[in-house]
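Structure record follows, encoded as structure tokens.
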Amino acid sequence: MERPFLSVVICTLNRHADLLRTLSYFADEETYRAFEVIVVDQSDEADPIVQAFLDKNSDRFGAIRHSEKSLPKARNVGIQLAKGEIIVFVDDDVEILPGFLAAHAATFADQGIWGVTGPAFDPGSRGLLSAQSLTPADIEDLNSGGEVMRTDFAYDICTLHGCNMSIRRSAFEQIGDFDEFYENYCDDVEISHRIKLAGGRLRYTPAAQLVHYQRQTGGVRTNPVSSARYIRNQVRSIVFFDRQSALYQIGIFRMFRAMVFSRQAYRAGRMGFQQVVAFWQGVAEAKREFNRRTKACQRL
């Protein structure tokens, strides 16, 4: 079987050491040969060590600076630069495990599959669930398209995980790129939804493994998690995507309690006037955008 050419897109923001480790895997350990790596760097400043690494491996690694701190916009920049027929997205703070690209590529042998995701382990935990260990509730969740479970067998899913996902270029050509309204949250969920609506399948494969560190510094957490901007952006993304649900109003108030009006929020320093205002700003922005798009569709 002919191996497809893969483009690995890594969007990074102020995580130079993590990025260098991720790049080193693709330079020194990845055995799949038909690939390129594209770094979209949104960091405040370029890192000379990372730049030296990229210069040394310029035959396969490329980078572009992107000043605006927006994950879907950075991903879209990567898509435009990518040469591969399959585009693989990984976060900058991950540890890739052996056989990663081969597992993604092999899954696309089925032409009905438009997107692939694999296990994203928490640090210190790399266990996979077997079919025999699943409870009836787990099986029901799998069959209903619930949250992706880290199993040792492959199955169709409803949502890709942004830190470890790959999508056919032809899918973007048909449904468009990532929706830039989301800024840093839910863009992977939203594009998964569009792929499913267009008739594409999404597949989980256990062999495409990585460890996701979810650093509390860098990334969208360059500002503290308690910051008003972080809360506003997260809320606007969640509310906008869930706006189609009849129960979204109840969900909003539950989210408000969890994020800015709970004991956990108090301990995290998120309970304050600025955070409350930011939360409802996010809700208002999501509703305005939803109404704007609804009216635009009605005019067509």
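See the values below:
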{"item": "Positive-end residue of Phe279, Gly162, Ala106, charge dipole of the chain with Cβ unit charges", "result": "Phe279"}
{"item": "Top of Leu81, Leu210, Leu202 by mean-square fluctuation, Gaussian network on the chain, Cα under 10 Å", "result": "Leu81"}
{"item": "Highest-fluctuation residue, Glu30, Glu95, Glu289 considered, GNM on the chain with Cα pairs under 10 Å", "result": "Glu289"}
{"item": "Cross-link partners of Lys287 among lysines (Cα-Cα below 20 Å; sequence separation of 8 or more within a chain)", "result": "Lys295"}
{"item": "Check: the chain dipole with +1 on Lys, Arg Cβ and -1 on Asp, Glu Cβ, in debye", "result": "1280 debye"}
{"item": "Gained length - Thr294 relative to Tyr32, 0.36 nm times residue gap less alpha-carbon distance", "result": "89.9 nm"}
{"item": "Sulfur and carbon atoms: percent of accessible area, the range 1-87 [1.4 Å]", "result": "49 percent"}
{"item": "Computed label-point distance, nm, for sites Asp141 and Asp44 using a 7 Å Cα→Cβ extension", "result": "3.9 nm"}
{"item": "R0 of 25 Å, Cβ-Cβ distance Lys56-Arg21: FRET efficiency to nearest 0.05", "result": "0.95"}
{"item": "Dipole-positive endmost among Ala27, Val39, His193 within the chain (Cβ charges, Cα centre)", "result": "His193"}
{"item": "GNM top mover of Val50, Val94, Val211 - the chain, alpha-carbon springs below 10 Å", "result": "Val50"}
{"item": "The range 67-213, accessible area per residue, ligands and nucleic acids excluded (1.4 Å, Å²)", "result": "40 Å²"}
{"item": "Modelled label reach - Arg215, point 7 Å along Cα→Cβ, the range 19-47 residues with backbone N closer than 18 Å", "result": "19-27, 38-47"}
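The values are calculated or read from the model by the stated rules, or taken from the named source; none is laboratory data. The model shown is predicted, which means the values in this text are computed figures rather than measured ones. When we count neighbours, we look across all protein chains shown, and the Cβ atoms used for this are built from the backbone with ideal geometry, even at glycine. Just the protein is used for accessible areas: all its heavy atoms, side chains included, with ligands, DNA and RNA removed. Shrake-Rupley method; radii C 1.70, N 1.55, O 1.52, S 1.80 Å.
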